[in-house]
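Engineer: Structure incoming, see below.
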Amino acid sequence: MEMVVIFKREFASYFSTPLASVFIVIFLVLAGVFTFYLGNFYERGQADLMPFFNFHPWLYLFLVPAISMRLWSEERKSGSIELLMTLPITKLDAVVGKFTAAWCFIGLALLLTIPMWISVNYLGDPDNGVIFASYLGSWLMAGSFLAIGSCMSALTKSQVIAFILSVVICFLFILSGFPLVLNVFKDWAPSVVVDAIASLSFLTHFSSISKGVLGFRDLLYFLSLIGCWLFATAIVIELQQAD
Amino acid sequence: MIEIVNLSRHFGQLTAIDDISFTVEAGEVLGFLGPNGAGKSTTMKMITGFLAPSSGSISVSGFDIGTQTIEAQKRIGYLPEGAPCYEDMNPLQFLGFIAAIRGFKGDEQQQKVAQVVTTMGLESVLTQKIETLSKGFKRRVGLAQAIIHNPEVLILDEPTDGLDPNQKHQVRNMIRSLSKDKIVIISTHILEEVTAVCTRATIIANGKIVSDCSPAELESKSRYAHAVTLHLTEQQSAATKLSELPGVSEVEVNEEGKLLTVLTEGGQSIYEQVNDLVRQESWQVDALYVEKGRLDEVFRKITEEVV
C-alpha cells in the first residue's frame, strides 16, 4: 500500500518539472534518428523494426542513467531522504516504489514510439508477435539499466557521479557479450567462464528476445538482474544509516 | 514514553553521542539545548530511526526503534533540521502524500490535511510550489506534516529557526496547545524558547548530558537568581553600604555607577533588606527589581565547563 503511495508521488514528480517533456522528446528524436539514418530503415526493404530495436541498448546507455541518477542522490542532497526514511515505510517500499515509477515513465516514452509500429504495418506485413516481444524485451532491458542506476544513485549525493558510474557499469554489461570482450577470454579461459560472461550480456538476451523468442531464461535474466540491483540499493541505503 | 538507554554514536573516529541515558514521560515538553555540534540532531535522528545507534537502545511507546521501526515511526511526528520536503510539490499535494503514507484514505485524508492547513495557516499558499515559498511557510509546511497524524511523540529539530518573531510566537503557541498527554522534544539554541514552552531543559555538550532539570531550576543556578538591581537617579556611593547587608555576596556596578546589581549568597531573597536600606538612606531610585536567573549565563557556564 505504501509502495503505491510512493509510486504515485514519484511518477507525478516527473511531470511537475520539464524533465518529462525534455526526456520524452529527446528519446523519440534519437530513436527516430537511429532507426532511419543509422539503421537504414527504408533501404533495407524489410518490413520489421530490427533497425529500431537494435539501437535501444545504446540509446538506454545514456538516457536511462539520466533518469536514474536523481532517484536517491537528489533526496540525499535536499535532505528529504531524512523525511522519507522516518515515515513508517520499509526500505523495500521506498526502493521498489521509486524504481517502478521510473520504469513506468520509461515505459511511457517507449509506448510513444508506436507510430513507428504503425508505419511499418502500413508499409508492409511485419510479424507483430516479434515486435511485441521486442517491445517487452526493450522495456525489461531498460528496467535493468534503471536498477543499476538506482544503486549507483544511492551511493552518492552527486547526481553527476551517479550518472557516470551508471553509464560505466551499464556499458560493461552491454559489452560482455561482444567478441571484443569474449575474445580476450576465449584463448585461455574454460568455455564455462566464457559462456558465463557472455550470458551476463544485455545484448545476448535482448537479441534473442527481439528475434521473437520470448524465452523463460531471458525473462528470468532481466527480472533477476533487476531484483539483485534493487536489493543492492536497499542494502546501500541500510548501510548509510549505520555509517 | 521514550526510553533511551546507554546510547552511543560514532562517526568514524568521532564520538558524537557518548553513552547517554534518559527517559521522557507523556506530558513533558523537553527542550534539547547545546552548542552547535553537541549531538542534538544526531540524537533526534536516532530516536526517529533515521540513523542507527552504534550501541544502546531507544524505545518509543514501548517499541524498539531498531527492531520495531515501523511501529515506532507510526507514533512519531518529525520535523528534520531545515524542514526538508519535496519542493516540486505544492503544500496540498505534499500533505496529501504524507497523509496517504500515514494510512489515511478518502474523506479522512482530506479532513486531516484541511485540519493541519488551518492549524498552520497555510490556506494562502496551498497551490504554490513549495520551492517558491518563503522560509517561514516552508517551516510551517514541515510542521504541518509532522502533526498530521496527531502523533504521541513529536520531535522538532529547531522548529523556529529562521522564523520572524510573529511566526516564532505562533509555533510556540502551537506546541503549547498540543494535548497534555504527548511527548514533545524540541532542539533549539534560543534560550527564551525553553522558558516559553518547555517543562524540562536538557543540556547536551560533547555528546554527554551535562544538565537535566526544569527551566526554573536552570534559572536558579544562575548567580543572578534572586539578585536585586537598582537604577539610581544620581550617582551615589551606594555599593559599599549594599555589600555590607547580610546575605549579600557581591555588588556589581556599571561604569556610570547608576546601575547596581546586588548578588546574593546561596539564592536567598534580599529584596526586603535592599528596599529598607534604600528608604533609610533616602536614595533616589528609578527602578528596583528582583532579577530572574540568566539562562545564557548558566548555559555558558555549564557547556564551557565540559569543553
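Engineer: Which helices (runs of 4 or more DSSP H) does the range B:158-265 wholly contain that include 3 or more residues that are over 29 Å from residue B:18 (Cβ atoms)?
Structural biologist: B:165-177, B:239-243
Engineer: Being modelled with pLDDT of 80 or more and either over 15 Å from the mean Cα position of the chain (by Cα) or more than 30 Å from residue A:126 (Cα to Cα) (or both) narrows it down to one of A:184, A:192, A:213, so name that one.
Structural biologist: Being modelled with pLDDT of 80 or more and either over 15 Å from the mean Cα position of the chain (by Cα) or more than 30 Å from residue A:126 (Cα to Cα) (or both) holds for just one of A:184, A:192, A:213, which is A:192.
Engineer: When you check residue A:12 against the structure, is it in contact with a Leu (Cβ under 9 Å, 6 or more places away or on another chain), within 14 Å of chain B (Cβ to nearest Cβ), assigned to a helix (DSSP H, G or I) and surrounded by fewer than 21 Cβ atoms within 10 Å (Cβ to Cβ), yes or no?
Structural biologist: Judged against the criteria, residue A:12 is not a match.
Engineer: Another question, if that's okay. Restricting to the range B:86-106, name every residue that is within 8 Å of chain A (Cβ to nearest Cβ) and outside any loop (DSSP other than H, G, I, E, B).
Structural biologist: B:93, B:97, B:98, B:100, B:101
Engineer: Of the residues that sit in the range B:1-49 and are of a type in the set (Phe, Trp, Tyr) and surrounded by fewer than 17 Cβ atoms within 10 Å (Cβ to Cβ), which one is nearest to residue A:237 (Cα to Cα)?
Structural biologist: Among those that are of a type in the set (Phe, Trp, Tyr) and surrounded by fewer than 17 Cβ atoms within 10 Å (Cβ to Cβ), it is B:11.
Engineer: Which of the residues belonging to the range A:187-226 are touching a residue at least 60 places away in the same chain (Cβ under 8 Å) and either surrounded by fewer than 19 Cβ atoms within 10 Å (Cβ to Cβ) or under 30 Å from residue A:89 (Cβ atoms) (or both)?
Structural biologist: Once the filter is applied, which keeps residues that are touching a residue at least 60 places away in the same chain (Cβ under 8 Å) and either surrounded by fewer than 19 Cβ atoms within 10 Å (Cβ to Cβ) or under 30 Å from residue A:89 (Cβ atoms) (or both), the range A:187-226 yields A:203, A:211, A:212, A:213, A:214, A:219, A:222, A:223, A:225, A:226.
Engineer: Of the residues A:54, A:40, which single one is more than 14 Å from chain B (Cβ to nearest Cβ) and at positive phi? First the steps, then the outcome.
Structural biologist: Numbers: A:54 fails: at positive phi.
Going through A:54, A:40 in turn, just one is more than 14 Å from chain B (Cβ to nearest Cβ) and at positive phi: A:40.
Engineer: Please indicate, with yes or no, whether at least one residue in the range A:91-111 is part of a loop (DSSP other than H, G, I, E, B) and out of contact with any strand residue (DSSP E or B) (no Cβ under 8 Å at 6 or more places or on another chain).
Structural biologist: no
Engineer: How many residues are surrounded by 12 or more Cβ atoms within 10 Å (Cβ to Cβ) and at pLDDT 85 or above if we restrict to the range B:156-169?
Structural biologist: The total comes to 7.
Engineer: Quick test of your reading of the structure: residue B:263 fulfils all but one of (1) surrounded by 16 or more Cβ atoms within 10 Å (Cβ to Cβ); (2) under 25 Å from residue B:202 (Cβ atoms). Name the failing condition by number.
Structural biologist: (2)
Engineer: Let me ask you something else. Quick check on the range B:162-175. Is at least one of its residues among the polar types (S, T, N, Q), out of contact with any Gly (no Cβ under 7 Å at 6 or more places or on another chain) and within 22 Å of residue B:38 (Cβ to Cβ)?
Structural biologist: no
Engineer: Follow-up. For the condition at positive phi, assigned by TED's automatic domain parsing to the domain that holds residue B:196 and modelled with pLDDT of 90 or more, what is the one hit in B:61, B:54, B:8? Before you say what the answer is, go through the steps one by one.
Structural biologist: Working: B:54 fails: at positive phi; B:8 fails: at positive phi.
When all the criteria are applied, what remains is B:61.
Engineer: Would you mind stating whether residue B:252 is under 30 Å from residue B:33 (Cβ atoms), crowded, with 16+ Cβ neighbours inside 10 Å and of a type outside the set (Phe, Trp, Tyr)?
Structural biologist: Considered against the rule, which asks whether it is under 30 Å from residue B:33 (Cβ atoms), crowded, with 16+ Cβ neighbours inside 10 Å and of a type outside the set (Phe, Trp, Tyr), residue B:252 comes out as no.
Engineer: So which residues in the range B:43-57 are in contact (Cβ under 8 Å) with a residue 60 or more places away in the chain and in contact with a Leu (Cβ under 8 Å, 6 or more places away or on another chain), if there are any at all?
Structural biologist: Of everything in the range B:43-57, just one residue is in contact (Cβ under 8 Å) with a residue 60 or more places away in the chain and in contact with a Leu (Cβ under 8 Å, 6 or more places away or on another chain), namely B:43.
Engineer: Of the conditions (1) assigned to a loop (DSSP other than H, G, I, E, B); (2) under 17 Å from the mean Cα position of the chain (by Cα), residue A:88 clears all except one; give me its number.
Structural biologist: Just one mismatch for residue A:88, condition (2).
Engineer: How many residues, within the range B:47-85, are more than 22 Å from residue A:77 (Cβ to Cβ), outside any loop (DSSP other than H, G, I, E, B) and at the interface with chain A (Cβ under 10 Å from one of its Cβ atoms)? Don't jump to the end; show me each part of the working.
Structural biologist: Pass one, the range B:47-85, residues more than 22 Å from residue A:77 (Cβ to Cβ): B:47, B:53-77.
In the following step, the residues that additionally are outside any loop (DSSP other than H, G, I, E, B) were identified as B:47, B:55-60, B:63-64, B:69-74, B:76-77.
Pick out the ones that are also at the interface with chain A (Cβ under 10 Å from one of its Cβ atoms) and you get B:47, B:69-74, B:76-77.
Within the range B:47-85, residues that are more than 22 Å from residue A:77 (Cβ to Cβ), outside any loop (DSSP other than H, G, I, E, B) and at the interface with chain A (Cβ under 10 Å from one of its Cβ atoms) number 9.
Engineer: Looking at the range B:64-95 only, could you name the residues that are at negative phi, among the small types (Gly, Ala, Ser) and out of contact with any helix residue (DSSP H, G or I) (no Cβ under 6 Å at 6 or more places or on another chain)?
Structural biologist: Across the range B:64-95, the qualifying residues are B:66, B:72.
Engineer: Now, a different point. For residue A:75, all conditions in the list (1) buried (at least 17 other Cβ atoms within 10 Å of the Cβ); (2) at the interface with chain B (Cβ under 10 Å from one of its Cβ atoms); (3) touching a residue at least 40 places away in the same chain (Cβ under 8 Å) hold save one; what is the number of the exception?
Structural biologist: Going through the list (1) buried (at least 17 other Cβ atoms within 10 Å of the Cβ); (2) at the interface with chain B (Cβ under 10 Å from one of its Cβ atoms); (3) touching a residue at least 40 places away in the same chain (Cβ under 8 Å), residue A:75 breaks only (3).
Engineer: Take the residues in the range B:268-284 that are of a type outside the set (Ser, Thr, Tyr), surrounded by fewer than 16 Cβ atoms within 10 Å (Cβ to Cβ) and not in a helix (DSSP H, G or I), then tell me which one is modelled with the highest pLDDT.
Structural biologist: B:284
Engineer: Among the residues of the range B:50-61, which ones are more than 21 Å from residue B:152 (Cα to Cα) and surrounded by fewer than 19 Cβ atoms within 10 Å (Cβ to Cβ)?
Structural biologist: Result: B:52, B:54, B:55, B:56.
Engineer: Which numbered condition trips up residue B:127, out of (1) among the hydroxyl-bearing types (Ser, Thr, Tyr); (2) within 27 Å of residue B:58 (Cβ to Cβ); (3) modelled with pLDDT of 90 or more?
Structural biologist: Against the list (1) among the hydroxyl-bearing types (Ser, Thr, Tyr); (2) within 27 Å of residue B:58 (Cβ to Cβ); (3) modelled with pLDDT of 90 or more, residue B:127 comes up short only on (2).
Engineer: Looking only at residues that are within 14 Å of chain B (Cβ to nearest Cβ) and among the hydrophobic types (A, V, I, L, M, F, W, C) in the range A:82-123, which one is surrounded by the fewest Cβ atoms within 10 Å (Cβ to Cβ)?
Structural biologist: A:92
Engineer: Could we say that residue A:28 is more than 14 Å from chain B (Cβ to nearest Cβ), touching a residue at least 24 places away in the same chain (Cβ under 8 Å) and either outside any helix (DSSP H, G or I) or surrounded by fewer than 17 Cβ atoms within 10 Å (Cβ to Cβ) (or both) here?
Structural biologist: On the way: more than 14 Å from chain B (Cβ to nearest Cβ): yes; touching a residue at least 24 places away in the same chain (Cβ under 8 Å): yes; either outside any helix (DSSP H, G or I) or surrounded by fewer than 17 Cβ atoms within 10 Å (Cβ to Cβ) (or both): yes.
Against the criterion (more than 14 Å from chain B (Cβ to nearest Cβ), touching a residue at least 24 places away in the same chain (Cβ under 8 Å) and either outside any helix (DSSP H, G or I) or surrounded by fewer than 17 Cβ atoms within 10 Å (Cβ to Cβ) (or both)), residue A:28 qualifies.
The values are calculated or read from the model by the stated rules, or taken from the named source; none is laboratory data. Since we're looking at a predicted model, the values are computed, not measured. Counting neighbours? That spans all protein chains shown, and the Cβs are built from the backbone with ideal geometry, glycine included.
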